[in-house]
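Reviewing the structure listed below.
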Amino acid sequence: MLRWNDKRYHTLDYEMKKTFGQKIIKLSLDGGFTCPNRDGQISDKGCIFCSEMGTGEFAGNRNCDITQQIAQQKQLLSTKWPTGKYIAYFQNFTNTYAPVDKLKELYLEALSATDIVGLALATRPDCLPPEVIDLLGKIAENNYLWVELGLQTRHERSANFIRRGYNLECFIDATDRLKEKNIKVVVHLILGLPGESIDEMLETVRFVGNLGVWGVKLHLLHILKDTDLYKYYRLNPFPLLSRDQYINLVCNTLEILPSSVVVHRVTGDGAKHLLEAPKWSLDKLRVLSGIDKELARRDSYQGSRYQKTSIK
Ligand code: SF4
């Protein structure tokens, strides 16, 4: 049976230690970007779950430059990890949504900081024009780089509900263009979207598992108070996943993903003061140990039920 240190799934922590020989810590940075799904270019509403901070509540202070933010974030994390190596993670809003020269300046500033061993960028597939892909390709030649794309679901009905603002073809095209440049792609998925059956959620997972991407991030749908999803939920309450349902679903998800896919996250990370529901998600350790226990009970592991299929 496959094992990734003490886990039955291929964690980012395992992958980082294998690659760099030590623990790697992510520093969340704010590059001062906005998002075309919020500034009116596509829409002025944003994704329905997007918070005031552009889904980056834990990022650095955008009034400071990148070098200062890196120093501040290191300091913030120093009680837990006094020393270490770091990935500079441009997390909130759309981190490729600026002229390419500006992007280059920001990324290179981050990469030149002490003890930074790589770069991670969260963005949208419709914000990756050829000149940006070329820049990222050049950076990836000499640096550790991954790019995160928020797919959330493969189903058009749900994509419309969450106001994602791009279609599946756009996502597939961006993924292909990034892979052509040997850039690692990480896909964000939301489990528990209203109106989606468990089978439909697993269909999205199978689709992503057959795309040849490097990593996935699994998010539990949670309701944050500063979002339109919260307003919708108050007017139209819909069932949320229970902890046991979620743990089962994550285990089913891990089983059908290829063992090579790096799992960056298996649960959400909403700010406590903003979280409306489900409250059980605040106890992350219980969720994580529930997943470990359930995989052990099943005697299964990531990839145990993976089947290669065509995505077309
Ligand atoms: S793409 Fe990201 S930043 Fe833009 S609206 Fe959606 S969640 Fe918010």
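The values are calculated or read from the model by the stated rules, or taken from the named source; none is laboratory data. Just so it is clear, the structure is predicted and the values come from calculations on it, not from any experiment. Note that each Cβ is placed from the backbone with ideal geometry, even for glycine, and that neighbours are counted across all protein chains shown. In case anyone asks, the SASA skips ligands and DNA or RNA and just uses the protein heavy atoms, side chains included. Shrake-Rupley method; radii C 1.70, N 1.55, O 1.52, S 1.80 Å.
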Being among the β-branched types (Val, Ile, Thr), modelled with pLDDT of 95 or more, open to solvent by less than 40 Å² (accessible area, probe 1.4 Å) and in a strand (DSSP E or B) narrows 190, 172 down to just 190
**Request:** Examine the stretch 296-310 for a residue that is within 21 Å of residue 8 (Cα to Cα), exposed (fewer than 14 other Cβ atoms within 10 Å of the Cβ) and of a type in the set (S, T, N, Q), and state whether such a residue exists.
**Result:** yes
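Tell me which residues, restricted to the stretch 78-94, are over 23 Å from residue 149 (Cα atoms) and in contact with a strand residue (DSSP E or B) (Cβ under 6 Å, 6 or more places away or on another chain). I'd like the intermediate steps shown before the answer.
Going through the stretch 78-94, the residues over 23 Å from residue 149 (Cα atoms) turn out to be 78-85.
Passing the criteria: 81, 84, 85.
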Contact list, first residue from the stretch 18-38 and under 15 Å from residue 119 (Cα atoms) and assigned to a helix (DSSP H, G or I), second anywhere and away from the ligand (no atom under 16 Å from the Cβ) and open to solvent by less than 60 Å² (accessible area, probe 1.4 Å), beta-carbon distance below 8 Å, six or more apart or interchain, is 19/144; 20/117
The residue from 49, 90 that alone is within 16 Å of the ligand (Cβ to nearest atom), among the aromatic types (Phe, Trp, Tyr), over 22 Å from residue 232 (Cα atoms) and crowded, with 17+ Cβ neighbours inside 10 Å is 90
| request: Determine, yes or no, whether residue 240 is open to solvent by less than 10 Å² (accessible area, probe 1.4 Å), of a type outside the set (Phe, Trp, Tyr) and farther than 23 Å from residue 185 by Cβ. | output: no
In the stretch 149-169, anything open to solvent by 60 Å² or more (accessible area, probe 1.4 Å), free of Cβ contacts under 8 Å to residues at least 40 places away in the same chain and within 16 Å of the ligand (Cβ to nearest atom) is listed as 160, 167
Query raised in the report: Somewhere in the stretch 99-107, is a residue within 14 Å of the ligand (Cβ to nearest atom) and out of contact with any Lys or Arg (no Cβ under 7 Å at 6 or more places or on another chain)?
Result: no
When the stretch 193-207 is checked residue by residue, the ones that are buried (at least 22 other Cβ atoms within 10 Å of the Cβ) and in a helix (DSSP H, G or I) are 201, 204, 205
